[in-house]
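What follows is one structure encoded as structure tokens, with my remarks underneath.
The values are calculated or read from the model by the stated rules, or taken from the named source; none is laboratory data. Being a predicted model, the structure only gives us computed values, none of them experimental. Here the Cβ positions follow ideal geometry from the backbone for every residue, glycine too, while neighbour counts run over all protein chains shown.
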Amino acid sequence: MWDLQDITIRSAAVSEMDNNVYVITSKRTGAQVLIDAADDMPAIHRLLEEAAADTSAEAKVGLIITTHSHWDHVRALADAVAATGARTAAGSEDVSGIEVPTDVALDHGDTVDADGFSLEAIKLRGHTPGSVALLYRDPAGPAHLFTGDSLFPGGVGNTQQDPARFTSLINDVEERLFAYLPDDTVVHPGHGKGTTLGAERPHLAEWRERGW
């Protein structure tokens, strides 16, 4: 758990693919945003209950954001919407690939306002056409970036050896993340352990050279 000034960030790894589910909760209002309802609704429910128990406000999931349309990131989306009544959001180009209807189609630079915090949508095109990262700027510390499957420790996301898709993704990652945000930015990826931009920055040229 990350206990920040205005929010808490909790996560759970679900499924055989070690998908990360994230819950951001406003300390002041109890408003919650769920990022990637990937699988295992009972585990997601436990995560939401744990977050709700740690705030004096009435906790409520207002929005479920899907970072991209791949099947392993949406298997619990329908159940999560049914259980919470939350609205849904995803990158505009990925909406058609998600079976659950999307209420908010996100474009690059859009701001998602929860009741007590906001997230900036950053399009990272290549893993899917509409993959989005979500940026939270902590007023008292480093920024937190939820990158889906577009950036991991050790490289960018899978582009199936397609040179055009890889070039698109590495360009967006360099220009929209590394040229935009400082090294202490904390990266929360869609699978596995997190990292920082500073830890990954020295390897950008290596990633571009190897092509994945």
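The sole residue among 55, 8 that is surrounded by fewer than 21 Cβ atoms within 10 Å (Cβ to Cβ), farther than 24 Å from residue 103 by Cα, at pLDDT 95 or above and out of contact with any Cys (no Cβ under 8 Å at 6 or more places or on another chain) is 8.
Regarding region 135-146, can at least one residue be identified that is touching a strand residue (DSSP E or B) at 6+ places or on another chain (Cβ under 8 Å), farther than 30 Å from residue 57 by Cβ, of a type outside the set (Ser, Thr, Tyr) and modelled with pLDDT of 95 or more? Checked against the condition, which is being touching a strand residue (DSSP E or B) at 6+ places or on another chain (Cβ under 8 Å), farther than 30 Å from residue 57 by Cβ, of a type outside the set (Ser, Thr, Tyr) and modelled with pLDDT of 95 or more, region 135-146 yields no hits at all.
Of the candidates 172, 184, 162, 149, the single residue that is more than 19 Å from residue 68 (Cβ to Cβ) and either of a type in the set (Asp, Glu) or free of Cβ contacts under 8 Å to residues at least 60 places away in the same chain (or both) is 184. Of all the residues in region 43-52, those that are closer than 20 Å to residue 112 by Cβ and at pLDDT 90 or above number 3. I'm checking my understanding of the structure. Among residues of region 58-74 that are over 16 Å from residue 23 (Cα atoms) and buried (at least 17 other Cβ atoms within 10 Å of the Cβ), which one is nearest to the chain's Cα centre (by Cα)? The residue in question is 68.
Evaluate the following for residue 82: is it more than 16 Å from the chain's Cα centre (by Cα), surrounded by fewer than 17 Cβ atoms within 10 Å (Cβ to Cβ) and without any contact (Cβ under 8 Å) to a residue 60 or more places away in the chain? Judged against the criteria, residue 82 is a match. Can you say whether residue 38 is under 24 Å from residue 2 (Cα atoms) and in a helix (DSSP H, G or I), as far as the supplied structure shows? So residue 38 does not fit the description; no. Residues considered: 46, 75, 28, 10. Of these, the only one that is charged (D, E, K, R) and part of a strand (DSSP E or B) is 10.
Looking across region 85-97, just one residue is surrounded by fewer than 18 Cβ atoms within 10 Å (Cβ to Cβ) and assigned to a strand (DSSP E or B), and that is 87. Residue count for region 13-25 under the criterion of being of a type in the set (S, T, N, Q) and outside any strand (DSSP E or B): the result is 1.
Residues considered: 104, 100, 187. Of these, the only one that is of a type in the set (Val, Ile, Thr), buried (at least 21 other Cβ atoms within 10 Å of the Cβ), under 30 Å from residue 82 (Cα atoms) and at pLDDT 95 or above is 187. Being among the aromatic types (Phe, Trp, Tyr), in contact with an Asp or Glu (Cβ under 9 Å, 6 or more places away or on another chain), at negative phi and free of Cβ contacts under 8 Å to residues at least 60 places away in the same chain is a description that applies to residue 178.
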